[in-house]
Amino acid sequence: MSQSHCSCCHENEPEHTHEHQHSGGIKEYLSIIFSFVLLMTGLLFDYIIKPDFFDGTFRLIYYVIAYIPVAFPVIKESFNELKKGSFFNEFSLMTIATLGAFFLKEYPEAVGVMLFYTVGELFQGMAVKKAKKNIKDLLSVRVDKATVLRDNQWKNINPKEVKIGETLQVKVGEKIPVDGELLSDIARLNTSAITGESKPMSVKKGEKVLSGSINLEKVIELKATSVYENSSLSRILKMVEEASHRKAKTELLIRRLAKVYTPIVFGLAVAICVIPLIFDANYDFYKWFYRALVFLVISCPCALVISIPLGYFGGLGASSRKGILLKGAMFLDQLTQIDTLVMDKTGTLTKGVFKIKEINSLSIFTESEIMTYLMALESKSTHPIAKAIMEYSQENELLHVDNVEEISGKGLKGEINGKRIYAGSQKLFTHFNIALPENVNNIVESVVFIGIDEQYAGYVTIADEIKSDAKESLEKLRHAGIKDFIMLSGDKNSITQKVAHELGIKKAIGNLLPEDKLNEVEKIQKNNTKVAFMGDGINDAPVLATAHIGIAMGAMGSDVAIETADIVIQTDEPSKLATAINIAKATQRIIWQNIFLALGIKALILTMGALGYANLWEAVFADVGVALLAVLNAVRLQRMEFN
C-alpha cells in the first residue's frame, strides 16, 4: 500500500517532495475496504449484538488487525521522518493519537481515526492527480522521433540530433519534431497542444511551422530552422516543468507556518494533558490525555497544505489549456494586482506584417514603371518594408541594379538601365537635394518616396494592420481590472498616435529607442503602480525584464523576448491576458476561501476539543471533512470556463 501524505509540515524535506503524490493503487483500496469492514463489524458487536467472546484480549487483537492495514504505512513514514530528524509531522501526530487511543482502550476510535485519515488522503491525492493532468497532458507532447533526409534516404533519428537546414518528413498523425519552414505547398496542423487553439491551422509553403504540432492530412516536408533544444516545444516544456515547481508567496507562507504550527500543536496537546494537574484536585489523567489526543487529531493542517498547492496547480493547468504559459505560480498572485498595462505596438496590438496601402505616381510615370524600379532596388534590402514592397508582384523578372548604395537610416540609391533610382525617406531626398511636393508632409503612414534621375516620381505608403481582437481585448482587460493603458513604440509618432486613437488608448509615445521604453516603464513604476508590459521584439527584452510582469507573444515573439518574459501568450492574442487575469482571480479567491474555511473550523473544533466537547470521532470527521471540503472547492477551478 503506497502512502503519501500532505508532507508540507515536514521540517527537513527536499522541495520536490512537497507535492502530494498519492497513487491510489489497488492495494490501498483493498486495505481501506478490509479495515472498514472489520471496523463496522466491530461496532456491530460492541453496540448491538454484544457477544460474550468479543471482550478483553480478543477484542484488542481484533481491532489491532483492523488497524494495521491502514496504520502501518503511516507509522512507517513516521519512523522514516524521525530518522531524518523530523518529529513534528502529521505522520507522528496520527501515530501518537491512535496509539494513545489504544492505550485508553478506545479501540474503535483508534481504527476509525486512522481509517478516515487514510480515506481523506486518498481523495486528496486523486484530486491533485487530476489537477496536474492538464500540465502532464502538455508534457506528453514530447516528440520521440524525427524522419530526416540523409544520404538521399529517409532515416528515423532522435529529434535532438536534427541539424538546422536538414529536410524533414512528417507523416499524417505525427508530431513535428523541431521548428521549421514548410517545403510542401500546404499543410493542415493541429496546434492545440502548443497554442491552446482547437481549430486546425492551415500553413502555406515558406511559412513557419511549430514543433509539437500534429500533421492532419498528407505527408509533408519541411526545412529545420532550429535545433530541438531551441524549438518552441522544447522551450514550452521547460517553462511548464519549471512553473510547477515555483511556489507562490501564499503557498510558501503556509509552508513556513506549517513548520511552526505543528510543534506548537504538540506543545499545546502536552499542556492540555499536564497543566490541569496543577489546578484540578480531582485530576483524571485518562480524561485529559483523551482531550489531548482529540486536540492532536483536529490540529492536522492537511486542509491548508494540500488545498493551496492544489488551487495553484488548477490555475496553472487552466492557463495552459488556454495557451497561456506562466513561468511560476507566483505570477497567478501578481496578475491580480496589475493596474497598468504598457504595450508595444508592432506585433502586439498590430499584426507586425506590413502591406502596401497606396501607390501614388506623377502623371509622367506609370504605377507599373515606378514599382518595377522600386522592387529592383528594394530587392537589395532586408528591411521589413522592403519585404512588403517585394510582395507587390511575383510575375515580372527583377531588373538588374548597379552601384547600389545604402544611405544609413535614409534609404537606397542605385542605377537601373542607366537611370539613377532613389528609394527612401524624406531625409534621403533632402540629402540629394531632390524636391518633394508639400502635400507629402501630411502622410501619416510609413512612406517610401521614389526618385528617377534627380526627379521625384511618386511614393508608396506601407501600413501595419491592427489585430482583429485588439479593441475587444482592451475592453476585456478593462473589465478584468486594468485601469490605465499606455502604448510605447519605436515607430514614428504620427503612426503611433493614429493606432492609439483607433483603439481608444489615451497615452501613446512613438519614436522610442529600447532604452527610452525602459526609462518610461521605470518612471511609471515609481508611482506605486503595478505594471505589466506586453511586447514581442528583441528590443522589448529589457522592458520585459524590468516590469513587474513581462508578457511576451509566443508565436510572433522573438526568442529573447520569450525567454525574458514571465508569461507567454502562445496565440499572440492580447485578449488572452484578460483570460489569464480572470483565471488568476478565480485561483486566488478559491485559495483564500480555503484558508478561512480551514482556519475557522479548526479554531472552533480545537476549542471544543480542549474543553471536552468533542471526541475522537468528531475530531477525525472534522479534520477529514474540512480537508475534503477544501479540496472539492479547489477542484472547481478545473471545471470553470474562462473566456
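Values as computed for the structure displayed
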item: Set GLU445, GLU438, GLU405: member being charged (D, E, K, R) and open to solvent by less than 40 Å² (accessible area, probe 1.4 Å); result: GLU445
item: Segments classed as helices (runs of 4 or more DSSP H), wholly inside the range 553-643, with at least 1 members that are in contact (Cβ under 8 Å) with a residue 40 or more places away in the chain, closer than 30 Å to VAL274 by Cα and open to solvent by 10 Å² or more (accessible area, probe 1.4 Å); result: 575-610, 616-635
item: Where SER473 falls short, out of the listed (1) crowded, with 16+ Cβ neighbours inside 10 Å; (2) without any contact (Cβ under 8 Å) to a residue 12 or more places away in the chain; result: (2)
item: Close pairs (9 angstrom Cβ cut-off, 6 or more residues apart or separate chains): part of a strand (DSSP E or B) in the range 201-227, of a type in the set (Lys, Arg) and loosely packed, with under 15 Cβ neighbours inside 10 Å anywhere; result: ASN215/LYS171; ILE220/LYS171; ALA224/LYS163
item: Which numbered condition ILE551 misses (of (1) more than 17 Å from the chain's Cα centre (by Cα); (2) modelled with pLDDT of 75 or more); result: (1)
item: Unique residue being open to solvent by less than 20 Å² (accessible area, probe 1.4 Å), over 30 Å from ILE583 (Cα atoms) and in contact with a Leu (Cβ under 7 Å, 6 or more places away or on another chain) when the list is LEU349, LEU332, LEU293; result: LEU293
item: Selection status of PHE313, in a strand (DSSP E or B), among the hydrophobic types (A, V, I, L, M, F, W, C) and touching a residue at least 40 places away in the same chain (Cβ under 8 Å); result: no
item: All positions within the range 38-91 that are over 50 Å from the mean Cα position of the chain (by Cα) and either among the charged types (D, E, K, R) or not in a helix (DSSP H, G or I) (or both); result: ASP46, LYS50, PRO51, ASP52, PHE53, PHE54, ASP55, ARG59
item: Counted residues, the range 207-229 - those being in contact with a helix residue (DSSP H, G or I) (Cβ under 8 Å, 6 or more places away or on another chain) and surrounded by fewer than 15 Cβ atoms within 10 Å (Cβ to Cβ); result: 1
item: Qualifying residue in the range 359-373 (condition: within 28 Å of LEU477 (Cβ to Cβ) and open to solvent by 40 Å² or more (accessible area, probe 1.4 Å)); result: no
item: Condition met for LYS355 (assigned to a loop (DSSP other than H, G, I, E, B) and surrounded by fewer than 20 Cβ atoms within 10 Å (Cβ to Cβ)); result: no
item: Check on ILE524, among the hydrophobic types (A, V, I, L, M, F, W, C) and at pLDDT below 85; result: no
item: Flag for SER307 being modelled with pLDDT under 75, part of a helix (DSSP H, G or I), crowded, with 18+ Cβ neighbours inside 10 Å and in contact with a Phe, Trp or Tyr (Cβ under 9 Å, 6 or more places away or on another chain); result: no
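Rundown of residues vs (1) under 17 Å from LEU99 (Cα atoms); (2) surrounded by fewer than 13 Cβ atoms within 10 Å (Cβ to Cβ); (3) of a type in the set (D, E, K, R); (4) at pLDDT 90 or above, yes/no style:
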residue: SER4; (1), (2), (3), (4): no, no, no, no
residue: SER7; (1), (2), (3), (4): no, no, no, no
residue: GLU13; (1), (2), (3), (4): no, no, yes, no
residue: GLU28; (1), (2), (3), (4): no, no, yes, no
residue: LEU39; (1), (2), (3), (4): yes, no, no, yes
residue: PHE58; (1), (2), (3), (4): no, yes, no, yes
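The values are calculated or read from the model by the stated rules, or taken from the named source; none is laboratory data. These numbers were taken from a predicted model, which means no experiment stands behind them. In this analysis, Cβ positions are derived from the backbone assuming ideal geometry, glycine residues included, and neighbour counts consider all displayed protein chains. Accessible surface is based on the protein model in full, side chains and every heavy atom, while ligands, DNA and RNA are left aside. Shrake-Rupley method; radii C 1.70, N 1.55, O 1.52, S 1.80 Å.
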